């Protein structure tokens, strides 16, 4: 037979109507221990001003201590603990912090710089681009219309249909001489 530790025997042994095991000896249900004493006032004093300057480990420790304190009846929490818990959860720090002054003008300036750079790039590309292709003139597009009518292209609603009066493929000005 396997040997059982004292903790396993305490869990496995019925304790009457209340259920199984010695719950108090194991640290409560789920092994959680609740903070029975309040967090000291110097720790919570001016937390609104000190929170951003605290190292991340101290922030985490303070938040965990407050979280454990909030598991008890909230009437037992001190006013400082309630204020600190509210500030840490909903205060103006991290992503909820106020924007620095003139942040809107900076954003506007960078957007305008981006638009300006885009306009310069567009102008440069247009300046060095070749002219329009030979097919982009009225004479070539009219010849395309005649060819498609001869081929009977799109006879239901297009250029070869009865009574068609649209421009067809003509979209450019006449060829320059």
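What follows draws every value from the coordinates through simple rules; no lab data is involved. Treat the numbers as computed from the prediction; the structure is a model and nothing was measured. Cβ: placed from backbone, ideal geometry, glycine included. Neighbour counts: every protein chain shown.
Quick look at the values:
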{"read-out": "Inter-label distance for residue 157 and residue 54, nm, one decimal - labels placed 7 Å from Cα along Cα-to-Cβ", "value": "6.8 nm"}
{"read-out": "Projected area, mean over directions - segment 130-177, Cα convex hull, nm²", "value": "3.9 nm²"}
{"read-out": "Cα gyration tensor of segment 36-94 - equivalent ellipsoid semi-axes, whole Å, descending", "value": "18, 11, 11"}
{"read-out": "Segment residue 111-residue 99, extension gain: residue separation times 0.36 nm, minus the distance between their alpha carbons", "value": "2.6 nm"}
{"read-out": "By average C-beta atoms within 10 angstrom, highest first, the peptides 128-139, 38-49", "value": "38-49, 128-139"}
{"read-out": "Euclidean distance between Cα centres, segment 36-90 to segment 135-152, Å", "value": "80 Å"}
{"read-out": "Against the rule of thumb 2.2 N^0.38 Å, how large the Cα Rg of segment 31-177 comes out", "value": "2.49"}
